1. Could you check how much of the accessible area of the range 86-129 is carbon and sulfur, as a whole percent, using a 1.4 Å probe?
2. Under 5 Å between amide H atoms, partner at least 5 residues away or on a different chain: which partners does residue 108 have, H built in plane at 1.01 Å?
3. Name the residues whose placed amide hydrogens come within less than 5 Å of the amide hydrogen of residue 132, ignoring near sequence neighbours (fewer than 5 apart) on the same chain.
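The values are calculated or read from the model by the stated rules, or taken from the named source; none is laboratory data. Keep in mind that this is a model prediction, so the values were computed, not measured. Surface accessibility is based on the protein's heavy atoms, side chains included, excluding ligands, DNA and RNA. Shrake-Rupley method; radii C 1.70, N 1.55, O 1.52, S 1.80 Å.
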Amino acid sequence: LVFPPPTPTPPVRMAAVFEGRAAGESAWRRYEWRYLPSSPRSAPRFVAPHHPRLDHSIFYVSLGVGPDNYLASINSPRPYSFAKDSLVHRIAHLLLDGNTPAARRIFRNEPFPSSAAPPDQVRVLLLALEPTSVREARSSGVYWTESVLGEHLPPIRRDGPTRAPPHRERVGRRHPLLFHPDLLP
């Protein structure tokens, strides 16, 4: 049995990128994922044998097949996989609550240092990152060409009408839908 060679596809990476904005500012500040490429200067990372589970889940969220959407209930024998709050919403609320140790472990940078106030708004952009040539990456340090595809999550305000009550008040401290192994100390 002979199969034809696979059709070549462009090596485009999709990335859901969080951005925050302080009260009174017009510019958005980007949060860089620890392992997932999230800006043109994010070098591809080799992390084996470590498997960055949260970054891996966010990669699937950017494709529309995250761990808590409709496909989770089809692909899993667990009927309770479908969540009311997505992983993206939970991370956005974590960022709006302030610069917590959990938020510092998720991201590579801190656009809002612990001495500053937390962001007033958080949004998630969907990016397409296409690799540059090896020569360009070595000479300029730019590994990806970035194209913004749109908003994955519109801006959520800390005190606005789209802000849900904090998850601790809503469902309790140890709710299983709010647990992720990458947030363990």
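1. Reported share for carbon and sulfur atoms: 56 percent.
2. Amide H neighbours of residue 108, under 5 Å, 5+ apart: 32, 33, 34.
3. 144, 145
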